[in-house]
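Asker: One structure follows; several queries about it will come next.
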Amino acid sequence: MKRRDFFVKGALGVVATSLLPVVASAAPSIINTNMSDRSKDKWLQVGSGKRGIPNREQIIDVDILVIGAGMAGISAAVSAARHGAKTLLIQDRPVLGGNASSEMRVTVNGAPQERETGIIEEILIENWVYNKQESYPVWDHVLYNYITRQPNLKLMLNTQAIDAVMDGDKIKSAICWGLTNETEYTINASQFIDCSGDGLLAAIAGAEYRTGREGKDEFNESYAPDQPDGWTMGECIMMITKDMGRPMPFKAPDYALPFDYETAFKDKHRRLKQLKEGFWWIEVCDDYDIIAKREDTRHKLMAYFYGVWDYIKNSGNHPEADNLALDWIGSIPGRRESRRFMSDYILTQNDILKNPHFEDAIGFGGWSLDEHNPGGIENLSEPASYFHQKSKEIYEVPYGILYSKNIENLSFAGRNASLTHIALSSTRIISTCALMGQAVGTGAAICLQKGINPRELRKKHMDELQEQLLRDDVFIPNRPAVDTNDLAKKADEIMGSSTVSGNSKFLIDGVSRDRGEEIHHWESNGLDAELQLEWKKPVKISRVELKGDTNVLRKIMMHKNPQKNIQQKQILDVPPELIKTATVEARVRGQWVEVAKIEENITRLIKTSFDQVKTTAIRVKLKETWGYKNAKLFEIRCYS
Amino acid sequence: MIFIKLRNIALFLCLLLPFNKLVAADITLSSQSEKVHQVIYKHPAQKDSSQMNQTLFETPDKAFYMDVVSVYCFADVCKIDTVRIYWNDIGKYQKFELKPGINLEKAKGEVFTAPDYKKLQLILKDENSPFKNISIDNIISTQQTEYGDIDAFSGATAINLDESVSIKGAVLTVYTLWHWANGGLVSMIRKITADAANSMDLIDYLANKDVEHKLFAIEQLTKRKAYDALLLESVKSQYGVESQKLKRSVISYLENAPEEVYINAIMDLFDSDNSKQRIDCLQSLIVSDTHLTVDLYQKLYRQLCHQKTYHEVDLLFTLLEKNTTFSDEQIDPLFIFLTNSNILISRRAYWFLENKNINKRQEKILKEFLKKNSEYL
Ligand SMILES: Cc1cc2nc3c(=O)[nH]c(=O)nc-3n(C[C@H](O)[C@H](O)[C@H](O)COP(=O)(O)OP(=O)(O)OC[C@H]3O[C@@H](n4cnc5c(N)ncnc54)[C@H](O)[C@@H]3O)c2cc1C
């Protein structure tokens, strides 16, 4: 039900006179679109004594609309807003995070080889400040706090994009429905970013997409099925149990389905290795249209889940579960795969395993090709997942898979990007999705500034996008930063206090993390360390930016079973290496003047800005970390 | 806790046999004069604390060895062998040995191949292997990841435990052996050696070509606050060795000395034509908050014309800035920097001198400098 422009014009005309009925039926083919037509309302507002019709229509103008607030959408919206675009993020449910919200409690994993930095890392570290207890409901609100405080960014929860208004091959507006306020929104924007996983808006707009599994031949993918078919990876609900310290009976609900454990356990992945946090192999898939089946799937998942739990509690085979009780169980299935929208490039298995270099790389992935079985728990004859293979090193993710090949102003990020089914089995990992999000958000903001669309951005301005991402602490493999505006690179001298490893000169080499043995950092010997940059002729500076250390080889995500992180001795706090307190000084006519103070810092990218000074030297005094004895940095940048 | 006993080893073993199965199985007696140390070490993969008593042997030529279990097994399906681990006198892992006919095993009962043993040796030699900072739980869940328990429940460590740093199918064995070779036993061995070493022994260690031995000696001397002339000279001379770690250790040894000893020693080092060395000394003087005596000034100023790099000149001025009053003799020599061809150096001097109490002649020099270099200031 793609709307025609003339229809919306009709509707918009009405908004100004808000209490009049909306004449929204100009196009007879449109059924069910005038949700906000309240002309039959018989409303008496007792306080004012007036009769009227409630206004349930709103028009909102923004620069960029981001649909879906999973970790991909959050990253997209925050980066777009940070680059000056008036951005709106809509999310059709009451909480943020998508599959990583308290509704599903999926762990925010990333490449196992080394961690992602940028927005996703900012969020994960911030969570340790507000939520050391690793509570998922609190995490929802950590995300809420993070998003609502960003300038230029507006958030609308419980708002679903349901329709697109087109102008040729461009989206003009998204029609959205407010689930809690009976309101129909017309949201006009220049750039649209669909990070909703399912991509209803993108689909209605006419963006090409695929579902199902490509056959081997199409992209020469050895792990693909011989013939193409309709299967997608399935959906799951999660649980958390509690040890009550006394025997706890369990009575299964009436709709529980019996669990054929003998067949199930023939596959080692399906065994019950823990009883604390759910079983990913209780999974229901579909071989034709997983979206249409959603409500049936949810019911089935609940039935299968309770069947398995009934087996655990009542078969007598698991006495270790005697004192366990269900403490939480999800009602909203998490979805791994549905639509994959087609872009100018389609990432395939070979791009993941052979790791080619992409000129338009915007981030990386590293998870194995973890392709769940077609059929899930309804197909016990196959293993629960085929852990085909993992790429040894992280692989590059290109921008060319993140915009629609046929809708000009539409980008996407996350699990709905331009991937084959096999490639998705690796890229779907949340932090990989978030890197895509940060890239499209930044990209859309650049498009807006230049009055172009993503395809042109890719063709002509890729360097600019990559430079911005690198500056914002995204790591792009094999792409050092060479920002010509960075005055630190032009300094005539860079020197630091006594050093235990690395070299202060590495801080301007454009690579903001170590690459194995290849060092790109400077680490002082002790604290109250100093770093100084000197220019022969005075330069004008108003921003100094540092990249600190968060140890990207260590895991930092919280877990729905906090005990697990304790067992694994994970640091449940801000990374101790990170700089907490520092000052920036500029030397003005021979005198040092403090221009910025950094206090309680919790981000790897430490940005300072101040009134522009004409200076011949910048000195950073690194006074305190979150626990580590030395100050360690990976980068310093200075800008006018 | 360490018990040191020198005994006839055979006799000792007889006593030990009923209590310690581990030792009993495989010890071959190599010498009558080995020392036996009973140590308490809980291996990180050990589930309970009941087997923490270990027997460490010290050979007459001061090497150490211990017979250990090859793997702490969690699924109760792996084969446990005894492996003999060797360390040198300062606890650096050297090699492992298996009894003839014994082979380590990987998953599914496959035995280690020659390349596997080679790789194991390389891994055990790497003190900074990823195994250092990960717990056994991590290893177990990583194993599960390898075999597929991932997706939502991955406990996968961010550390890449793929084939380059581990041996496929034998991660637990490698983990277990790495922690024997490089874990808490290392510091116990170092303590045994340190406790037995007198100053002359430590001087011998300093003379050892191996930097680790030199570092060991300096660490002990710092702990003992040993600063008599011979030791001081021996340590100081180590600064010339090409190792940043050693240089830092020398400076830190000096920084812990009584003030007078420190100043004399650091100024001796400062008296060098190596700019990096002078920088190290100046940095040390700045952080150690040294009082600037007349003598110190003289020593510093003797080097003025050798100060070539901006970094050291900047440090020198930073050090001088600790004083608030300056005599003419202290000010005048600094004017030499104004003529330096490196503008960073000359203007640093200019700004230092600008607000000092100076005479007319000096004022004139500064004015001329300002006029000539205003675009840089
Ligand atoms: C059970 C399960 C376990 C998994 N385990 C892991 C794991 O351990 N680690 C890991 O990293 N990944 C895991 N994944 C994969 C990962 O969760 C997803 O690939 C990832 O969440 C995709 O992120 P996204 O931002 O693209 O989409 P999502 O997380 O799906 O977020 C999209 C959001 O958009 C909203 N939305 C949808 N349609 C609309 C609309 N029309 N209007 C407005 N909003 C809309 C949705 O409500 C949702 O909140 C798992 C997935 C599942 C299902």
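Asker: So which pairs qualify, if the first residue must be in region A:395-417 and over 18 Å from A:Met462 (Cα atoms) and within 16 Å of the ligand (Cβ to nearest atom), the second must be in a loop (DSSP other than H, G, I, E, B) and of a type in the set (Asp, Glu), the Cβ gap must be under 8 Å, and the two must be at least 6 apart or on different chains?
Answerer: Sorted first by the residue in region A:395-417, then by its partner, the pairs are A:Ile407/A:Asp169; A:Arg415/A:Glu337; A:Asn416/A:Asp198.
Asker: Among the candidates A:Ser101, A:Ser135, which residue alone is among the small types (Gly, Ala, Ser), touching a Phe, Trp or Tyr at 6+ places or on another chain (Cβ under 8 Å) and away from chain B (no Cβ under 12 Å)?
Answerer: Numbers: A:Ser135 fails: touching a Phe, Trp or Tyr at 6+ places or on another chain (Cβ under 8 Å).
Within the list A:Ser101, A:Ser135, the selection yields A:Ser101.
Asker: Among the listed residues B:Lys247, B:Lys276, B:Lys209, B:Lys225, identify the single one that is loosely packed, with under 15 Cβ neighbours inside 10 Å, out of contact with any His (no Cβ under 7 Å at 6 or more places or on another chain) and closer than 30 Å to B:Phe131 by Cβ. Step through it out loud before you land on a result.
Answerer: On the way: B:Lys247 fails: loosely packed, with under 15 Cβ neighbours inside 10 Å; B:Lys276 fails: closer than 30 Å to B:Phe131 by Cβ; B:Lys225 fails: closer than 30 Å to B:Phe131 by Cβ.
So the residue among B:Lys247, B:Lys276, B:Lys209, B:Lys225 that is loosely packed, with under 15 Cβ neighbours inside 10 Å, out of contact with any His (no Cβ under 7 Å at 6 or more places or on another chain) and closer than 30 Å to B:Phe131 by Cβ is B:Lys209.
Asker: For B:Asn53, all conditions in the list (1) surrounded by fewer than 19 Cβ atoms within 10 Å (Cβ to Cβ); (2) under 16 Å from B:Gly183 (Cα atoms); (3) within 25 Å of the chain's Cα centre (by Cα) hold save one; what is the number of the exception?
Answerer: Among (1) surrounded by fewer than 19 Cβ atoms within 10 Å (Cβ to Cβ); (2) under 16 Å from B:Gly183 (Cα atoms); (3) within 25 Å of the chain's Cα centre (by Cα), B:Asn53 violates only (3).
Asker: When region A:168-202 is examined, which residues are found to be closer than 14 Å to A:Asn406 by Cβ and surrounded by fewer than 20 Cβ atoms within 10 Å (Cβ to Cβ)? Even if it seems obvious, please write down each step before you answer.
Answerer: Of the residues in region A:168-202, the ones closer than 14 Å to A:Asn406 by Cβ are A:168-171, A:192, A:194, A:199, A:202.
A:Gly168, A:Asp169, A:Lys170 - these are the residues of region A:168-202 that are closer than 14 Å to A:Asn406 by Cβ and surrounded by fewer than 20 Cβ atoms within 10 Å (Cβ to Cβ).
Asker: Does region A:267-276 contain at least one residue that is surrounded by fewer than 17 Cβ atoms within 10 Å (Cβ to Cβ), more than 14 Å from the ligand (Cβ to nearest atom), farther than 19 Å from A:Glu103 by Cα and among the aliphatic types (A, V, I, L, M)?
Answerer: Within region A:267-276, one or more residues are surrounded by fewer than 17 Cβ atoms within 10 Å (Cβ to Cβ), more than 14 Å from the ligand (Cβ to nearest atom), farther than 19 Å from A:Glu103 by Cα and among the aliphatic types (A, V, I, L, M).
Asker: Can I ask one more? Could you identify the single residue in A:Gly376, A:Gly363 that is touching a helix residue (DSSP H, G or I) at 6+ places or on another chain (Cβ under 8 Å) and either hydrophobic (A, V, I, L, M, F, W, C) or outside the structural domain of A:Ser512 (by TED's automatic domain parsing) (or both)? Write out each step before concluding.
Answerer: Values: A:Gly376 fails: touching a helix residue (DSSP H, G or I) at 6+ places or on another chain (Cβ under 8 Å).
Just one listed residue meets the conditions, A:Gly363.
Asker: Between A:Glu121, A:Glu126, A:Glu134, which is closer than 22 Å to A:Arg105 by Cα, in contact (Cβ under 8 Å) with a residue 40 or more places away in the chain and touching a Pro at 6+ places or on another chain (Cβ under 8 Å)?
Answerer: Numbers: A:Glu121 fails: touching a Pro at 6+ places or on another chain (Cβ under 8 Å); A:Glu126 fails: touching a Pro at 6+ places or on another chain (Cβ under 8 Å).
Exactly one residue qualifies, and that residue is A:Glu134.
Residue-by-condition table, conditions (1) within 15 Å of the ligand (Cβ to nearest atom); (2) part of a helix (DSSP H, G or I):
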| site | (1), (2) |
| --- | --- |
| A:Gly84 | no, no |
| A:Leu88 | yes, no |
| A:Val108 | yes, no |
| A:Ala111 | yes, no |
| A:Leu124 | yes, yes |
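Asker: Tell me which helices (runs of 4 or more DSSP H) are completely within region B:307-377 and hold 1 or more residues being within 14 Å of chain A (Cβ to nearest Cβ), or say none if there are none. Spell out how you get there, then give the answer.
Answerer: On the way: elements: B:310-320, B:328-331, B:343-354, B:360-373.
Of the helices (runs of 4 or more DSSP H) lying wholly inside region B:307-377, those with at least 1 residues that are within 14 Å of chain A (Cβ to nearest Cβ) span B:310-320, B:343-354, B:360-373.
Asker: Additional query: I'd like the residue in region B:335-377 that is polar (S, T, N, Q) and exposed (fewer than 13 other Cβ atoms within 10 Å of the Cβ) and, out of all such residues, is nearest to A:Lys614 (Cα to Cα). Explain how you work it out, then say what you get.
Answerer: The first filter runs over region B:335-377 and keeps only residues polar (S, T, N, Q), leaving B:339-342, B:346, B:355, B:357, B:359, B:362, B:373-374.
Still in the list and also exposed (fewer than 13 other Cβ atoms within 10 Å of the Cβ): B:339, B:341, B:355, B:357, B:359, B:374.
Details: B:Thr339: 25, B:Ser341: 23, B:Asn355: 21, B:Asn357: 27, B:Asn359: 30, B:Ser374: 14 Å.
Selected residue: B:Ser374.
Asker: A:Thr583 versus (1) β-branched (Val, Ile, Thr); (2) touching a strand residue (DSSP E or B) at 6+ places or on another chain (Cβ under 6 Å); (3) surrounded by 20 or more Cβ atoms within 10 Å (Cβ to Cβ): which is the lone unmet condition?
Answerer: (3)
Asker: Just give me the residues in region A:516-549 being within 25 Å of the chain's Cα centre (by Cα) and not small (Gly, Ala, Ser), in sequence order. Steps first, please.
Answerer: Of the residues in region A:516-549, the ones within 25 Å of the chain's Cα centre (by Cα) are A:545-549.
Passing the criteria: A:Glu545, A:Leu546, A:Lys547, A:Asp549.
Asker: Provide a single number: the residues in region A:421-469 that are more than 15 Å from the ligand (Cβ to nearest atom) and more than 14 Å from A:Gly400 (Cβ to Cβ).
Answerer: Step one: of region A:421-469, the residues more than 15 Å from the ligand (Cβ to nearest atom) are A:442-469.
Restricting the remaining residues to those that are more than 14 Å from A:Gly400 (Cβ to Cβ) gives A:442, A:444-452, A:463-464, A:467-469.
So the answer is 15.
Asker: Separate question: For region A:90-106, enumerate the residues that are part of a loop (DSSP other than H, G, I, E, B) and either among the β-branched types (Val, Ile, Thr) or within 11 Å of the ligand (Cβ to nearest atom) (or both). Step through it out loud before you land on a result.
Answerer: Going through region A:90-106, the residues part of a loop (DSSP other than H, G, I, E, B) turn out to be A:91-96, A:101-106.
Correct list: A:Gln91, A:Asp92, A:Arg93, A:Pro94, A:Val95, A:Leu96, A:Ser101, A:Glu103, A:Met104, A:Arg105, A:Val106.
Asker: Quick one: which helices (runs of 4 or more DSSP H) sit completely within region A:408-491 and have at least 3 residues that are over 19 Å from the mean Cα position of the chain (by Cα), assigned by TED's automatic domain parsing to the domain that holds A:Glu214 and surrounded by fewer than 22 Cβ atoms within 10 Å (Cβ to Cβ)?
Answerer: Working: elements: A:421-427, A:430-450, A:454-460, A:462-471.
Hits in region A:408-491: A:430-450, A:454-460, A:462-471.
Asker: While we're looking at this one, here's another question. Are any residues in region A:277-296 within 14 Å of the ligand (Cβ to nearest atom) and hydrophobic (A, V, I, L, M, F, W, C), and if so, which ones?
Answerer: A:Phe279, A:Trp280, A:Trp281, A:Ile282, A:Val284, A:Cys285, A:Ile290, A:Ile291
Asker: Might you let me know whether region A:337-350 holds any residue that is over 30 Å from A:Ile362 (Cβ atoms) and of a type in the set (A, V, I, L, M, F, W, C)? Before you say what the answer is, go through the steps one by one.
Answerer: So the first thing to find is which residues in region A:337-350 are over 30 Å from A:Ile362 (Cβ atoms), and the list is none.
Scanning region A:337-350 turns up no residue that is over 30 Å from A:Ile362 (Cβ atoms) and of a type in the set (A, V, I, L, M, F, W, C).
Asker: Could I ask something else about it? Could you grab me the full set of residues in region A:127-137 that are part of a helix (DSSP H, G or I) and either among the charged types (D, E, K, R) or surrounded by 16 or more Cβ atoms within 10 Å (Cβ to Cβ) (or both)?
Answerer: Taking region A:127-137 first, the residues part of a helix (DSSP H, G or I) are A:127-130, A:136-137.
Residues satisfying the conditions are A:Asn127, A:Trp128, A:Tyr136.
Asker: While we're looking at this one, here's another question. Step by step: first the residues of region A:218-266, then only those that are of a type in the set (Lys, Arg) and in a loop (DSSP other than H, G, I, E, B), then the one that is nearest to the ligand (Cβ to nearest atom). Which residue is that? Lay out the reasoning, then the answer.
Answerer: Taking region A:218-266 first, the residues of a type in the set (Lys, Arg) are A:242, A:246, A:251, A:266.
Restricting the remaining residues to those that are in a loop (DSSP other than H, G, I, E, B) gives A:246, A:251, A:266.
On the way: A:Arg246: 31, A:Lys251: 26, A:Lys266: 22 Å.
By that ranking, first place goes to A:Lys266.
Asker: Residues that are within 23 Å of B:Asn256 (Cβ to Cβ), assigned to a loop (DSSP other than H, G, I, E, B), away from every other protein chain (no Cβ under 14 Å) and modelled with pLDDT under 95: does region B:295-305 have at least one? Write out each step before concluding.
Answerer: Step one: list which residues in region B:295-305 are within 23 Å of B:Asn256 (Cβ to Cβ), which gives B:295-296, B:299-300.
Subset that is assigned to a loop (DSSP other than H, G, I, E, B): none.
No, that holds for no residue.
Asker: Are there any pairs, at least 6 apart or on different chains, whose C-beta atoms fall under 8 Å, with the first in region A:101-117 and of a type in the set (Gly, Ala, Ser) and the second within 7 Å of the ligand (Cβ to nearest atom) and assigned to a loop (DSSP other than H, G, I, E, B), and if so, which?
Answerer: Pairs found: A:Ser101/A:Arg93; A:Gly110/A:Ile429; A:Ala111/A:Ile429.
Asker: Right, something else. Answer yes if at least one residue in region A:171-179 is within 15 Å of the ligand (Cβ to nearest atom) and in contact with a Pro (Cβ under 7 Å, 6 or more places away or on another chain), and no otherwise. Walk me through it before giving the result.
Answerer: First, the residues of region A:171-179 that are within 15 Å of the ligand (Cβ to nearest atom): A:171, A:173-179.
From what's left, in contact with a Pro (Cβ under 7 Å, 6 or more places away or on another chain): none.
No: zero hits.
Asker: The conditions are (1) assigned to a helix (DSSP H, G or I); (2) away from chain A (no Cβ under 14 Å), and B:Ser272 fails exactly one of them. Which is it?
Answerer: Tallying (1) assigned to a helix (DSSP H, G or I); (2) away from chain A (no Cβ under 14 Å), B:Ser272 fails exactly one: (1).
The values are calculated or read from the model by the stated rules, or taken from the named source; none is laboratory data. Quantities reported herein were computed from a predicted structural model and do not represent experimental measurements. Please note: Cβ atoms are built from the backbone with ideal geometry, for glycine as well, and neighbour counts cover all protein chains shown.
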